[in-house]
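To start, the structure under review is shown below, and the notes come after it.
Computed from the coordinates by the stated procedures, all read-outs in this text should not be read as laboratory data. Just so it is clear, the structure is predicted and the values come from calculations on it, not from any experiment. Note that we place each Cβ from the backbone using ideal geometry, even for glycine, and neighbour counts take in every protein chain shown.
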Amino acid sequence: MDQGLQNLETSSFYVMLMAYTLCMFFHWAWIGTKKELMGRFATYLSIVGLVANTAAIILRMIIAGRPPLSNSYEFLLAFIWGIIFVYLFIEYRYKLRSLGAFVMPIAFLILMFIIMSMGPEERIAQAIPPALKSKWLTFHVVTAMFSYGAFATSFGLGIMYLLKIGEEGKGKKSNPHGIISRFPALDIIDELSYKVIGFAFPLLTLCIITGAIWANYAWGTYWSWDPKETWSLITWIIYAAYLHARLMYGWKGKRAAWMTIFGFAAVLFTFFGVNYFLPGLHSYAISQPNILV
Amino acid sequence: MKEQREGIVEYIWRVFSSMKLGLILLGLVALVSGVGTVFPQANLDPGKAKEVGEIWQTLGFTQIYSTVWFRLLMGLLCINLVVCSIQRFQGIYNRTFALKPPVSVSNVFSKIKAKLAGESEPLKISVQDVLKRNGFKLTINSGDNGWSFIAIKRRLGNWGSLISHISFVVLVIGAILGTTMGFKGFMMSSAGSTVPINSISVSKGRINQDFSVRIYSAEDRFLPNGERDNWYTDMGIIENGTEVLRKTISVNHPLTYRGVTFYQSSFANGASLTVDLKDQKLPIVLQDHGGNYFQAPGTELYLIAAAIKSDPQKPIMLYQVYRGKGVQPVQTGQINAGETIDVQGEYKLTLEANAGFTGLQVKQDPGVMVVWLGCALLLLGLFLSFYWRSMVVLGVFESGQGTEGELTMGTMAGKVTGGVQEEFDRLIHDIQAK
Ligand code: HEM
């Protein structure tokens, strides 16, 4: 029975991988060729991918008997889920399929990272130390999932904005047949990006706070300035600065787009960079693994 | 002279109420925090922090978050936030509770706008009806040449940013309370021991309480599938010789008594033994890997447990005995449960059973409630700012001939126009339908 579930989980992972990968190519094909069929396929594939992604997460939950949020592999699955979920919501709500061409590659690259850097033994359900057995951890990661997903989408929007303004800035009125012509008007992209960040910022705050509550239960210290925590604070400050600069100095458009890129770089660094580049993770990093996202 | 002094005060006030300073300070906090993640910090990794070059250590780079500079930065940020909040209070109040209907059509300057023609009274009733039904608070002014109104919905949304700003100051106050009051300590105790709270080792602060902690048992429990369940400590609080509280704690499930919180943070195996000296029998507990030692009274002999196999049926202990300051053990060996051995002809030693050692983090942090209050306010403020944006609709009716006239309606769209446009259109549609 367990082996069966295990196989099903593995299959879900590969279905998801295939779906997201193909989906990315169909998105590119769609903005390249403008064939409606391509776009349809892209959308269907992202839905198939999301379903498989959900299945992989739920199966992991059943196998491990706990929320699947306890090692890098599981968190990355949740991260991708968040990205695609937020993206699909925006595609549906704002009829903005062209965004997919810029968001799907993020999911794809994370999947590649999983495949290349994590052996099968890192991907299976592992025993977790007592410190990770906390319901706060679940809140912590669920909020991270949605806020990081939204930040990834705003990053995609930022790229679109910069591409479009780059094209239009060259003087030639945007080629009506070019790829860029698929993009909505500049100020629509810009405002959508602001909305997405406005949605995600409170969630990021909640994520940091639930992390602090959890740490306080586990170690009696709500904030210990460990690199993960600190980088999540830096990310938070970048987005806070984005919001304020926009409000007070009318930082819209190009500058705002760069800020979304900057902010997402900080998100990624908080997750990957801290684990792989920074020295001196402290003593309880062993019992407090990559999860302080 | 007085004039000039006021000038300076005003200047400082102006600097501190500016968001430019706020953004610069936030940027600096981010920058300094980032630098702190590149240098090993003394509170997290004391060993590595000591290896960093002398200059950096002196400049505080290895304890960046507790340097005067960093605290100054936080302090300035708080002053900035307070000043800016005081400055903006009146304005927010007026925009929320003291809204004035527009005087003329030219006051309805807004991107989102509509004009409706109709008769004065029916239109007025319809506007009132529709706006009230949609949750707006309405103020109407009647003049000679018509009437005007202003209406607000989700008006608490206006307070979001102010609440977020104050919450940050509350958070910092909570953190200051935590660092200046309270204490942080650690105890490693075996099952069966009673420890006066003020005898444990503290890394910060002083312990003023005088109760004792009794450890009934310390267990490393496993699930049927072999995975670790949790570490459990059955403990009691003893005040003036009577037990006032007893509870089993585990990781993530601490116990708080009179402001002091006990967190299960680690666990070590141990063994309980009986020492048979010539004239007395002593029960002792030794911790695995030489975590503690036993010096038999009247001797120079030190006994440690080098390794313990904590099989409940068949515990085994590898022991070492040292004499005086000698670095080489004078006696080593293995002792099984129930077995008795002789130690250097001075005493006899019997291994009785396993005994757990529990590692408890002990803290008193009076600021923690203030920090949670700050967090709650921050979330409330952000929620109001981003998910509860207020919407203001205003309009002026100007009569032409007789009772006929034209109503110009607009909305102050604030920061985003998207959803507001839709909501406005719906209102206009409803008003027209009447
Ligand atoms: C410490 C972290 C800070 C947080 C969490 C924070 C939070 C916020 C939020 C949520 C808003 C509303 C933004 C929006 O609706 O888009 C806001 C607006 C604002 N903030 Fe901050 N802020 C912070 C620091 C500062 C600082 C240091 C200043 C400098 C004085 C400042 C000045 C302002 C001003 C003037 C507004 C405009 C309010 C308005 O017109 O609605 N903030 N802040």
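DSSP loop chymotrypsin sites (Phe, Trp or Tyr not before Pro) in the range B:6-115 with at most 15 other Cβ atoms within 10 Å of their Cβ, which ones? Here the chymotrypsin sites (Phe, Trp or Tyr not before Pro) that fit, given the DSSP loop and packing criteria, are B:PHE109.
Nearest 10 degrees is fine. How inclined is helix B:2-16 to the longest principal axis of chain B, computing both from alpha carbons? Orientation of helix B:2-16: about 70 degrees from the principal axis. In a simple Cβ point-charge model (Lys, Arg +1; Asp, Glu -1; nothing else charged), the range B:78-231 has a dipole of about 640 debye relative to its Cα centre.
Structural descriptor for the range B:295-433: relative contact order 11 percent, calculated from alpha carbon pairs under 8 angstrom and at least 6 residues apart. Placing +1 on each Lys and Arg Cβ and -1 on each Asp and Glu Cβ, with no other charges, gives chain B a dipole about its Cα centre of roughly 1140 debye.
Rounded to 0.05, the FRET efficiency of the B:TRP69 and B:GLU239 pair, given R0 = 30 Å and the Cβ-Cβ distance, is 0.10.
Here the simple spin-label model places points 7 Å from the Cα toward Cβ, and for A:MET18 and B:VAL202 these points are separated by 6.4 nm. Calculated [222 nm] ellipticity per residue, helices only, for chain B: -11500 deg cm²/dmol; basis is -39500 (n - 2.57) per DSSP H run with n ≥ 4, divided by all residues, nearest 500. Note on the range A:68-135: Rg/Rh from Cα positions, Kirkwood definition for Rh, rounded to two decimals, is 1.10.
Just round it to a whole percent: the fraction of Cα-Cα distances in chain B exceeding 42 Å.
Result: 48 percent of Cα pairs exceed 42 Å.
To the nearest ten degrees, helix B:120-133 and the longest principal axis of the Cα atoms of chain B are 10 degrees apart.
Contact order for chain B, expressed relative to its length and based on alpha carbon pairs under 8 Å spaced 6+ residues apart, stands at 20 percent. Karplus-based coupling profile of the range B:291-298, in residue order and whole Hz: x, 8, 9, 10, 9, 5, x, x, with θ = phi - 60° in 6.51 cos²θ - 1.76 cosθ + 1.60 and x standing for Gly or Pro. If you take the square roots of the eigenvalues of the alpha-carbon gyration tensor of chain A and sort them as a ≥ b ≥ c, do you get rounded (a/c under 1.5), prolate (a/b over b/c) or oblate? It comes out oblate by the Cα gyration axes. Of A:PHE85, B:PHE386, A:PHE25, the sequence from fewest to most neighbouring Cβ atoms within 10 angstrom is A:PHE25, A:PHE85, B:PHE386. Mean separation of Cα pairs under 8 Å and 6 or more residues apart, divided by the residue count, gives the range B:81-149 a relative contact order of 34 percent. Using +1 at the C-beta of Lys and Arg and -1 at the C-beta of Asp and Glu, which of B:GLY259, B:LEU99, B:VAL213 has the Cα lying farthest in the positive direction of the dipole of chain B? Positive-end residue among those listed: B:LEU99. Measuring r between the beta carbons of B:ASP425 and B:GLN331 and using R0 = 56 Å, the FRET efficiency lands at 0.05.
With K and R counted +1 and D and E -1, the other residues having a Cβ less than 13 Å from that of A:VAL142 yield a net charge of 0. Given R0 = 45 Å, the distance between the Cβ atoms of B:SER217 and A:ILE115 translates into a calculated FRET efficiency of 0.45. Long hydrophobic helices in chain A, taken as whole DSSP H segments with a C-alpha length of 27 Å or more on their own axis and mean Kyte-Doolittle hydropathy at least 1.0: A:36-64, A:72-94, A:186-219. The simple spin-label model puts a point 7 Å past each Cα toward its Cβ; for B:GLU404 and A:ASN275 those points are separated by 7.3 nm. Distances between placed amide hydrogens fall under 5 Å for B:ALA355 paired with B:GLY270, B:ALA271, B:SER272, all partners being 5 or more residues away or on another chain. Pairs from the list A:LYS254/B:LYS48; A:LYS252/B:LYS113; B:LYS111/B:LYS137; A:LYS133/B:LYS50; A:LYS254/B:LYS111; A:LYS135/B:LYS314 with a Cα-Cα gap above 31 Å: A:LYS254/B:LYS48; A:LYS133/B:LYS50; A:LYS135/B:LYS314. The stretch between B:LYS50 and B:ALA433, if pulled fully straight at 0.36 nm per residue, gains 130.2 nm over its current Cα-Cα span. Considering only Cα atoms, the convex hull volume of the range B:74-230 works out to 297 Å³ per residue. Derived scalar couplings between HN and Hα for the range B:366-382 equal x, x, 5, 5, 5, 4, 5, 4, x, 4, 5, 5, 4, 5, 4, x, 5 Hz in order, rounded to whole Hz, by the Karplus curve 6.51 cos²θ - 1.76 cosθ + 1.60 (θ = phi - 60°), x for Gly and Pro. With both labels modelled 7 Å from their Cα along Cα-to-Cβ, the A:SER181 to B:ARG228 distance reads 6.3 nm.
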